[in-house]
Amino acid sequence: MRHLRAASAVTLALSIALAATGCGGGTTSGGSNESPKTLTYWASNQGPSIEADKKILTPELKKFEKETGIKVKLEVVPWADLLNRILAATTSGQGPDVLNIGNTWSASLQATGALLPWDDKNFEAIGGRDRFVDSAVASAGKEGEPPAAVPLYSLAYALYYNKKMFAEAGVEKPPATWDELVETGKKISKDGKWGLGAEGGNLSNNIHQTFVLGQQHGADFFDKDGKATFTSDGAVAAVKQYIDFMAQDKIIAPGNAEYAQNQSLTDFAKGKTAMVLWQAAASTFAAQGMKPEDWGAAPVPVPSGAPGTGKQVNSMVAGINMAVFKNTKNIDGAKKFVKFMTSDAEQKLLNKTYGSIPPVKAAQADAAFGAPDLKVLRDTLATSAAPLPQVPNESQFETAVGTAVKELWADAAAGRPVTEASVKERLEKAQQTMQQ
């Protein structure tokens, strides 16, 4: 019940934000209101920890300050808090000047009217729209309107696997289909080791995985008019398939039902779990003491054949965008900061560090992004990834369905039956929380 109230709270917050068009951040205490030479920046947690992100970003912010005389006050915000923090800022006016947003939230936050639209003039101030990969810009807002943000990091999901654990189980190659994944997972899931990791308490990850499975079952979760269709046969089948990795196939540890962000990666690095479905993970593995030769990356499995379009989609189009609250007291400084962070040099440096793909074309051409794991991500983005629904209430979808999946994980962990009927019941409750 507590989780349903949390979903309702986000629905209410977004409703208020939509009614308060034109409100926004940029007036936070200690932010740009004190000085036109100061910006406040909310960065999303991209690395293995908040402290790691601070260590990575602080030298770059100092570099920007040296170049422009503008000081940037950094706050790294955990993903579990980021959306609610942003929604609160759109209504209160107490927010940053510049912030990171998940690209899946772009249309929802665009609808509040709080973010600076990136029209041709604003894009020109940072070097032009044509510097960016088209698919990345397309995931920055509703089609036909100026994007609400600028692409910063491009991401896709891959299947990461522990080479030693595979060898010990006699598995010669990563699974290409879900049947092969279950078969591999069962060979490994014994003696305190598990085949696959999951993060049942991570609502965004729940959505990302079930959306991809939904695509493979022919479900979009919304119809062409933007109305929620969470209880379609395909959506129910997708969610049940995901939960069944624990409930029926027994290849995910029951404790994963409560895992939050990055906990599954820790188990992977410690040799407790052999496979994990994740976005760029190289920097986290390195921070956990893994060497590049310890793990491999392969495309996320599909029902049969090879990844592609339609039912062979194997990732959502993932990424992080930079947005500017349009009531910032330092709009020119904010645009200079976006230009700096999306410059060729910074794009190469930051995306190399995080193991992501630059959405800037010139930076993407760097040889470093041809590494085997990054090639998997690049190929996935180019050939077999689909964007999450770009509808105004997409953020509510993530909370509502993500919470429903979390509760189903809890059922599986406790040994309670997970059936088509119980999955449909949870998804029906999630659909009822949506603001139509």
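Derivation of every value follows stated rules applied to the coordinates shown; laboratory data play no part. Note that the structure is predicted; figures quoted are calculated from it, not measured. FYI the Cβ positions are ideal-geometry reconstructions off the backbone, even for glycines, and counts take in every protein chain you see.
For the stretch 241-364, what relative contact order do you get, as a whole percent, if you take Cα pairs closer than 8 Å and at least 6 residues apart? It would help to have the intermediate numbers written out before the result.
Values: 75 pairs, mean separation 19.7, N = 124.
16 percent.
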Note, the stretch 90-96: 3J(HN,Hα) by Karplus (6.51, -1.76, 1.60, θ = phi - 60°), whole Hz, Gly/Pro = x, goes 5, 9, 8, x, 9, x, x
Highest average packing first - 242-254, 72-84, Cβ atoms within 10 Å | 242-254, 72-84
Pick out, from TRP295, GLN263, THR309, the residue whose Cα sits farthest towards the positive end of the charge dipole of the stretch 226-315, with +1 on the Cβ of Lys and Arg and -1 on the Cβ of Asp and Glu.
-> THR309
Built amide H within the under 5 Å cut-off of GLY47, gap 5+ = ASP53
Ranked highest first by the average count of other Cβ atoms within 10 Å around their residues, in what order do 276-285, 123-132 fall?
-> 276-285, 123-132
With x for Gly and Pro, the residue-by-residue ³J(HN,Hα) of the stretch 190-204, computed from phi through the Karplus equation 6.51 cos²θ - 1.76 cosθ + 1.60 at θ = phi - 60° and given in whole Hz, is 6, 6, x, 10, 10, x, 9, x, 8, 10, x, x, 9, 4, 4
Note, the stretch 273-278: 3J(HN,Hα) by Karplus (6.51, -1.76, 1.60, θ = phi - 60°), whole Hz, Gly/Pro = x, goes 10, 8, 9, 8, 8, 8
Counting only C-alpha contacts under 8 Å and six or more residues apart, can you give the relative contact order of the chain as a whole percent?
-> 25 percent
In degrees from 0 to 90, rounded to the nearest 10, what is the angle of the helix 372-383 Cα long axis to the longest principal axis of the chain?
-> 80 degrees
Taking the Cα centre of the chain as origin, work out the dipole magnitude from +1 charges on Lys and Arg Cβ and -1 charges on Asp and Glu Cβ, in debye rounded to 20.
-> 820 debye
Length-normalised contact order of the stretch 275-330, Cα under 8 Å, at least 6 apart, in percent, tallies to 20 percent
Helix 420-432 axis, angle to the chain major axis (alpha carbon atoms, nearest 10°) | 20 degrees
